[in-house]
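Bear in mind these aren't lab numbers, they're just calculated from the coordinates by the rules spelled out. This is a predicted model, so every value here is computed, not measured. Positions of Cβ are generated from backbone atoms using ideal geometry, with glycine treated the same way; all protein chains shown enter the neighbour counts.
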Amino acid sequence: MTTATQPTFDTVAVGDPVSPATYLVRRADLVRYAGASGDFNPIHWSERFATSVGLPNVIAHGMFTMATAGRLVTDWVGDPGAVVEYAVRFTSMVVVPDADEGATIEVSGTVVGKDDDARTVRVELTATSAGAKVLGKAVAVVRLP
Amino acid sequence: MAVNPDIVGREYPPIPVYEVGREKIREFAEAINSPDPVHRDPEAARAKGYPDVIASPTFAVIIAQRADARIIADPDSGIDYSRVVHGEQRFVHHRPIVAGDRLVATPHVDSVDARGRHAMVTTRVEIADENGEPVTTARSTIVVRDAGEAA
């Protein structure tokens, strides 16, 4: 969302933090994501199936976690179209119990590089859930005004 | 079953044209709880300089996974889908995906590596418009459990 504090290329410096955020994930979010993305793997909605294949419970789609962490960047920049590159490694699962409080994903970011020619910045993201790092090498490259 | 290393370098035929709809863009944005109006309101998108509503940065996964399914479905690849775990994902956006786009997605196999008992398969889906202008490059690494050379 556009805010008065929207960053610009000239005002952002390497080392700047991106304000952290905590995102709530409930079973209903996974069902909705399954429908929107077309990924209906039952490990993301059926506790019976998930536990039968050795998982602790239903787990979030890795791509749901990637999208959620990416929101930290797009909300900061105020323009989802400014993301020119986004990459993650899936390092751990987000386990989502069947409870109103669901699970949470805590995301924070730091500006780690600037490209003066492209007027882009590199943002390194950290995402954790239940104390485990769920994304590794998570980097977004965004073009700033 | 081991993944066939001979698939490295292979390009598969593109999947049928994917037509990007406004409502699909909105549905995906809602599914990732993104409040941004550029996914919903064409006027808000135009005010930002886009011709119509634009897709979220990871929307292309819908198209990329359909294209990757070509590789997984190829009996010659030796990939057992029930053993597949998503390892890494990367998008390079040459421009945002916009409502009304008619996209052509072509799957490629970039590498197959044994990692202990597992096989790591990196695919690249080149997503372009119908004139061949690049839109998004989606790279995905899948881990096929118990499918490495030592399996």
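Some notes on this structure:
- Kirkwood Rh, angstrom, segment A:60-139 [1 / mean 1/r, Cα pairs]: 13.4 Å
- Average other protein chain Cβ within 10 Å of Cβ, residues A:8-17: 0
- Ascending count of other beta-carbon atoms within 10 Å, so fewest first, for A:LEU125, A:LEU24: A:LEU24, A:LEU125
- Once the Cα atoms are used to define both axes, helix A:62-77 deviates from the longest principal axis of chain A by about 30 degrees.
- Taking A:SER52, A:SER92 and counting other C-beta atoms within 10 Å, the order from fewest to most: A:SER52, A:SER92
- Förster radius 30 Å - calculated FRET efficiency between A:VAL53 and B:ASP76 (Cβ-Cβ, nearest 0.05): 0.65
- The sum of -39500 (n - 2.57) across all DSSP H runs of n ≥ 4, divided by the residue count of the protein assembly as shown, sets its helix-only mean residue ellipticity at 222 nm to -6000 deg cm²/dmol.
- For the residues B:ALA44, B:ALA114, B:ALA31, a GNM of chain B with alpha-carbon springs under 10 Å puts the largest fluctuation on B:ALA31.
- Applying 1/(1 + (r/R0)^6) with R0 = 25 Å to the Cβ-Cβ distance of B:ALA44 and A:GLU124 gives a FRET efficiency near 0.30.
- Folded to 0 to 90 degrees: helix A:27-37 orientation relative to chain A principal axis, Cα: 70 degrees
- If you run the Gaussian network model on chain A, springs between alpha carbon atoms under 10 Å, then out of A:GLU85, A:GLU124, A:GLU106 the most flexible one is A:GLU85.
- Between A:THR22, A:THR11, A:THR65, the Gaussian network model of chain A with springs among Cα atoms under 10 angstrom shows the greatest mean-square fluctuation at A:THR11.
- Using a Förster distance of 25 Å, the FRET efficiency for B:ARG102-B:GLU27 (Cβ separation, nearest 0.05): 0.85
- Estimated inter-spin distance, A:ALA13 and A:ALA99, nm [label 7 Å along Cα→Cβ]: 4.3 nm
- Ranked A:THR120, B:THR136, criterion: other C-beta atoms within 10 Å, fewest first: A:THR120, B:THR136
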